[in-house]
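Coordinate-derived values only; no laboratory data. Owing to the predicted nature of the structure, the values given are computational and were not obtained by experimental measurement. With ideal geometry, Cβ positions are generated from the backbone for all residues, glycine too; neighbour counts draw on all protein chains shown.
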Amino acid sequence: SANTTGNAEEIYKCITDCTAKELGLVKNNAVDKDAFKQLLVKTLGKEADFKPVVEKAFEDCHQKMSKIPEHELLKPATCGFAPYYLMNCVESEIFKNCPASKWTDSADCSELKGKINNGCPFMAIVKDEAK
């Protein structure tokens, strides 16, 4: 149901927000762009093939996020939206732009890529796949 989905999204939002704060990626309720990017490049971009993909994904997503009106980012909620938005966007972009050398050409991977290209949030797809 929609209510369950909303609760699940809020849980993922809270986990991402809490983790980002613990890692020092959020300061004064704002994303620390440099710290966030450094961590993503160090973790998701540690393989040479992925580093440029991660860097571009982060820059593109951060720019998209900066165009969201502040009142939308700060809607009344129990947890911050920005870290969740950035992670969801970055993971989607990485998946869509996976280097050919790392892509697994299977029906499942192609189906997931199609869902992401159609606008499904990465987090929703991952949750569905984990059931």
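Quick notes on this structure:
- Computed extension gain for Glu70 through Lys56, at 0.36 nm per residue and net of the alpha carbon distance, reaches 2.7 nm.
- Surrounding net charge for Gly80, when Lys and Arg each add one and Asp and Glu each subtract one, Cβ distance under 10 Å: +1
- In plain terms, the residue of Thr16, Thr78 with the fewest other Cβ atoms within 10 Å comes first and the most crowded comes last, giving Thr78, Thr16.
- When Lys37, Lys96 are sorted by how many other C-beta atoms sit within 10 angstrom of their C-beta, beginning with the fewest, the order is Lys96, Lys37.
- Here Lys113 is the anchor, and the lysines within straight C-alpha reach of less than 16 Å, apart from those fewer than 8 places off in the same chain, are Lys96, Lys102, Lys127.
- When Glu93, Glu9, Glu70 are arranged by Cβ crowding within 10 Å, least crowded first, meaning fewest neighbours, the order is Glu70, Glu9, Glu93.
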